[in-house]
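The values are calculated or read from the model by the stated rules, or taken from the named source; none is laboratory data. Computed from a predicted model, the values in this text were never measured in an experiment. Counting neighbours? That spans all protein chains shown, and the Cβs are built from the backbone with ideal geometry, glycine included. The accessibility values were calculated without ligands, DNA or RNA, using every heavy atom of the protein model including side chains. Shrake-Rupley method; radii C 1.70, N 1.55, O 1.52, S 1.80 Å.
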Amino acid sequence: MSSQHGEWDEARVRDLHAALVDQYGPVGASDAHGADSEADPAEGVRQLLTTILSQNVADENTARASENLFATYADFEAIEAAPTEELAETIRVAGLPETKATRIQRALAAIREETGGAYSLAFLDAMATDEAKAWLTDIKGVGPKTASVVLNFHFGKPTMAVDTHVERVSKRFGLVPEAASNARAHDVLDEAVPDELIYPLHVLLIEHGRTFCSARNPDCANPVCETYCDCEGC
Ligand code: SF4
């Protein structure tokens, strides 16, 4: 299919979302806490550490590494103070253990230094999305996807986590330029997608990627793609 649909304006993004909902059903709310004062302040930190563990690895291994991590150490202070090699052993199932152990300890140090001693990311809630994202991505090893997972899923801030499915499908739909880097794809989608559709569209694009739009041999005969796909040659 050639690029016959042109630019994506807000109405077209909304229509795509509606078509994906027709195909897959509505998406429930994320478990974002936002400004909820009842939320456990440690939960955001847990989400950040788990997301670091999930970088470039399957969900199942992330879950096992996360269980090991939180079963082995009593609290965040103990994780930060642990010998890095020991921490790496604890999370080995997540892959890249030394790298991820270093990232986790670096993230915990940054949080403790920012708050003056507490392991809490609650301060991000008061920040504008761009500012909060910049704070997180200033931590070496925390990229835009990891930052957006924490900010969107936990804090309900409007920034889309662009994983491999979201990036592939967005490019095939023509929402994101084919040559865009992953970081650029984050910026383009945050700009193009209305705030309240960021989380549901994230979920629906992943669903579409898993159901029809696989990396190899996509199944293009589906109602959503009849209308919206700008792919060349399918
Ligand atoms: S399934 Fe086919 S038509 Fe649909 S977005 Fe993917 S490549 Fe394009």
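Please state the relative contact order of segment 1-160 as a whole percent: Cα pairs under 8 Å, 6+ residues apart? Don't skip to the answer; put the middle values down first.
On the way: 152 pairs, mean separation 44.7, N = 160.
After rounding, I find 28 percent.
Just to confirm my numbers, what's the Cα centroid distance between segment 144-218 and segment 59-122 in Å?
Computed from Cα coordinates, the inter-centre distance equals 27 Å.
If you take the beta carbon distance between E86 and S214 as r and set R0 to 45 Å, what does 1/(1 + (r/R0)^6) give as a FRET efficiency, to the nearest 0.05?
Working: r = 39 Å, r/R0 = 0.87.
For R0 = 45 Å, the calculated efficiency reads 0.70.
Could you give the nm distance between label points at E10 and R184, where each point is 7 Å from its Cα heading toward the beta carbon?
2.6
When ligands, DNA and RNA are left out and all protein chains stay put, how many square angstrom of accessible area per residue does the chain have with a 1.4 Å probe? Display every interim value, and only then the final one.
Numbers: 11320 Å² over 234 residues.
Computed with neighbouring chains in place, this is 48 Å² per residue.
Using only the Cα atoms of the chain, each taken as one equal point scatterer with no solvent, compute I(q) by the Debye sum, divide by I(0), and report log10 of the ratio at q = 0.10, 0.12, 0.18 Å⁻¹.
-0.51, -0.71, -1.30
What distance in nm separates the simple spin-label points at N222 and V21, each placed 7 Å from Cα in the Cβ direction?
Each label point is offset 7 Å from its Cα along the Cβ direction, giving 1.8 nm.
Can you give the Rg and Dmax of segment 104-158 based on its C-alpha atoms, in angstrom?
10.4, 28
Could you tell me the ratio Rg/Rh of segment 41-154? Both radii from Cα atoms, Rh via Kirkwood.
Numbers: Rg = 13.0 Å, Rh = 13.9 Å.
Computed over Cα atoms, the ratio is 0.94.
For segment 73-118, state the semi-axes of the equivalent ellipsoid (square roots of 5 times the eigenvalues of the alpha-carbon gyration tensor), sorted largest first and rounded to whole angstrom. Please list the in-between numbers first.
Details: eigenvalues 80, 23, 10 Å².
Over the Cα atoms of segment 73-118, the ellipsoid semi-axes are 20, 11, 7 Å.
At 1.4 Å probe size, put T159, T115, T164 in order of accessible surface, largest to smallest.
Working: T159 0, T115 50, T164 95 Å².
Ranked from most to least accessible, the order is T164, T115, T159.
Lys pairs in the chain, Cα-Cα under 17 Å, at least 8 apart or on separate chains: how many? Walk me through the intermediate numbers first.
On the way: K100/K140; K100/K145; K133/K145; K133/K157; K145/K157; K145/K171.
Lysine pairs satisfying the spacing and distance rule in the chain number 6.
Above 17 angstrom, tally the Cα pairs of segment 108-234 and express them as a % of all pairs, no decimals. Each step should come with its number before you reach the end.
On the way: 4766 of 8001 pairs.
Of the Cα pairs, 60 percent sit more than 17 Å apart.
I'd like the accessible area for L197: 1.4 Å probe, protein heavy atoms, all chains in place, Å² to the nearest 10.
So the heavy atoms of L197 present about 10 Å² to solvent.
Helix-derived [θ] at 222 nm for the chain: sum -39500 (n - 2.57) over DSSP H runs of at least 4, divide by residue count, nearest 500? The partial results should precede the final answer.
Numbers: 12 runs with 130 residues, N = 234.
The helix contribution divided over the chain gives -16500 deg cm²/dmol.
Under 8 Å for C-alpha pairs, at least 6 residues apart: give me the relative contact order for segment 88-179, rounded to a whole percent. Let's see the in-between values first.
Numbers: 65 pairs, mean separation 14.1, N = 92.
Taking the mean separation of contacting Cα pairs over the length of segment 88-179, I get 15 percent.
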